[in-house]
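A quick write-up on the structure given underneath.
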Amino acid sequence: SITLQHGAHRIGNRTDAGMARWRSLRLGQFIHWGLYAIPGGEWKGKTYNGAAEWIRSWKEMPQAEYDNLYKQFNPVNYQPEQWALQAKNMGAKYMIITTKHHDGFCLWPSKYSRYTVASSPWKKDIIGPMVDAYNKNGIDVYLYFSIIDWNHPDWRASPKTPADSIAYGRFKVFVKNQLQELLTKYPTIKGFWFDGTWDDSWKNDGAFSDELEQYLQKIHPGLIIGSRLRADEKGARHFDSNGRLMGDYEQGWERKLPEKIADIHGNDWEGVMTIPENQWGYNARWAGHIKSANELIEMLVKSTSLAGNFVINFGPKSDGTFRTEEVQRMQEIGQWMKVNGAAIYNGGYAGFEKQDWGYYIRKNGTDSVFMVVCNVPVSGDLRVKLPQQTTLTHAATLENPAQAITPEVTGKNEYFLRLETKNFHTPVVILLQTSRNTGNDNGRFEKAK
Ligand SMILES: C[C@@H]1N[C@@H](C(=O)NCc2ccccc2)[C@H](O)[C@@H]1O
């Protein structure tokens, strides 16, 4: 390995209580809200085919007209208590809110910028009431902050001249001031979710990103910050030039998930997911594939089974209400979580060989292993191969815990569980009580006929 001044400063995952809490939460709600919700992916009768929150970059969008949208920001139906209750009923344990996206518009009345809600007809702080409402409902809040800031005169994607570098130097001070301001105004937030850190200006200034992260941890110890903030002095991002993860968890899983446990290299990680194919901010027309609640539940289960967190994104309308499809997904996911949340919260990698019917999840630190059946076999028979020295002592679904399922012992450490019924409308969860011992079931279950 090479000597790095601004590479990873820690080897292995964080072991403090704050990080243990983060990895116990498992299900998060992402909210992308801002001026981009006003056009909602359309402009003067034309449809923008990109992600709605990027519409300012569309060649058909006059940037000055976009920048003046703040004069229309007036979410008269914004009710943060409703938002928080809805998220609680979905089973989300943390929420990530866009304080400032790439367009630079601030949802809080920053004293370092005039391009904020304070200049809009709404006038009031959006972030404060949201943090309070979510915290009151037992949901932790993380602040999304874009380093890219298309509105700020000193931001540069790639400084070319000495004047550019002087301007970008001012911009870095502005970024540090706004982050300090957010921590001062909203002291209960648990961390930052940084974005927009792929441009040369940021990538080639690993020292600043390192110093910034250390500054934030100094003024607010315990903050949880993912790998997307940092670059090392060679321009390596997420993983430093020695291949070590920078930050507190791998934050590169955007609209994609790891396939198998080897893909996560033992790191804490989080996947963030859109319900349509690629829309984060409100888009009036959702084209392409819209994920069902069952698809999102399976992604949540897969993430948990691979010891990661899963965050589902929502893009409220400019008036502060949510579109029907998003309300439906939150309700359907919430119904499943009410019955099966025990398999998700504090869930992690079970260490069992994955089978076709779905996913194993181990309740962290226990011998309780959940089987989440997403693919019901036509036979109704679920093969359960346990690791050596592990015995199955009990099985029952979370829906009917009193109804034990008697496994059929078929061979060394292998059982079949038969499902009474085969028509399920959502993934079914079976809790296995296992014990590690001599590797046989002590005659508890009769041998296969
Ligand atoms: C969380 C999402 N990140 C923003 C974005 O620009 N993503 C583009 C991107 C996709 C994959 C790697 C880096 C950057 C999107 O607008 C959302 O805010």
Would you kindly compute the Cα radius of gyration of the range 87-126 and its largest Cα-Cα separation (Dmax), both in Å? 12.9, 37
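Dividing the convex hull volume of the Cα atoms of the range 318-449 by its residue count, what figure in Å³ per residue is obtained? Present the calculation step by step, with values, prior to reporting the outcome.
On the way: hull volume 17.0 nm³, N = 132.
Hull volume normalised by residue count: 129 Å³.
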Tell me the Kirkwood hydrodynamic radius of the range 1-128 in angstroms, computed as one over the mean inverse distance between distinct C-alpha pairs. 17.6 Å
Considering only the other residues whose Cβ falls under 15 Å of the Cβ of E420, what net charge follows from Lys and Arg at +1 and Asp and Glu at -1? -1
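Dividing the convex hull volume of the alpha carbon atoms of the range 91-196 by its residue count, what do you get in Å³ per residue? List each step's numbers first, then the result.
On the way: hull volume 10.0 nm³, N = 106.
Measuring per residue, one finds 94 Å³ for the Cα hull of the range 91-196.
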Taking the chain as a Gaussian network, Cα atoms linked when under 10 Å apart, which of F314, F424, F352 shows the biggest mean-square fluctuation? F424
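Report the local net charge at L306: Lys and Arg +1, Asp and Glu -1, summed over other residues whose C-beta lies under 9 Å from its C-beta.
Details: positive: K260, K302; negative: E259, D263.
Once all neighbours under 9 Å are counted, the net charge is 0.
Quick one: putting +1 on the C-beta of Lys and Arg, -1 on the C-beta of Asp and Glu, what dipole do you get for the chain around its Cα centre, in Debye to the nearest 20?
Values: 54 positive and 49 negative charges, 78 e Å.
It works out to roughly 380 debye.
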Provide the FRET efficiency to the nearest 0.05 for the D263-E399 pair, computing r from the beta carbons and using R0 = 22 Å. 0.10
Taking D319, D356, D195 and counting other beta carbon atoms within 10 angstrom, the fewest-first order is D356, D319, D195
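Which pairs in the list K44/K124; K260/K422; K172/K234; K71/K124; K46/K256 are over 22 Å apart, alpha-carbon to alpha-carbon? Walk me through the numbers before you get to the answer.
Details: K44/K124 29 Å; K260/K422 27 Å; K172/K234 19 Å; K71/K124 13 Å; K46/K256 29 Å.
As for pairs spanning more than 22 Å Cα to Cα, those are K44/K124; K260/K422; K46/K256.
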Using amide H atoms built 1.01 Å from N in the peptide plane, name the residues 5+ places from V141, or on other chains, whose amide H lies under 5 Å from its own. M95, K190
What is the order of K302, K363, fewest Cβ neighbours within 10 Å to most? K363, K302
For W155, which sequence-distant residues (separation of 5 or more, or a different chain) have an amide H within less than 5 Å of its own amide H, given hydrogens modelled in the peptide plane? none
With θ set to phi - 60° and the Karplus curve 6.51 cos²θ - 1.76 cosθ + 1.60, what are the ³J(HN,Hα) couplings of the range 169-176 in order, to the nearest whole Hz, using x for Gly and Pro? x, 5, 5, 5, 5, 4, 4, 4
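Quick one: order T3, T391 by neighbouring beta-carbon count within 10 Å, fewest to most.
Details: T3 7, T391 21.
Ascending number of Cβ neighbours within 10 Å: T3, T391.
Percent of alpha carbon pairs in the range 179-305 separated by more than 24 Å? Mind showing how you got there, number by number?
On the way: 3296 of 8001 pairs.
That tail contains 41 percent of the Cα-Cα pairs.
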Pick out which of H289, H102, H32 has the largest mean-square fluctuation in a Gaussian network model of the chain, springs linking Cα atoms closer than 10 Å. H289
Using only the alpha-carbon atoms of the range 217-264, report the extent along each of the three principal axes, biggest first, to the nearest angstrom. 37, 25, 18
Global size of the chain as Cα Rg and Dmax, reported in angstrom: 24.0, 83
Over the chain, with a Gaussian network built from C-alpha contacts below 10 Å, which listed residue (D232, D16, D199) shows the highest mean-square fluctuation? D16
Over the Cα atoms, compute the radius of gyration (one decimal) and Dmax (the largest Cα-Cα distance, rounded to a whole number) for the range 335-384, in Å. 11.5, 34
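Every number here is computed from the coordinates shown, using simple stated rules; none is lab data. Everything numeric in this text was worked out from a predicted model, so none of it was measured. When we count neighbours, we look across all protein chains shown, and the Cβ atoms used for this are built from the backbone with ideal geometry, even at glycine.
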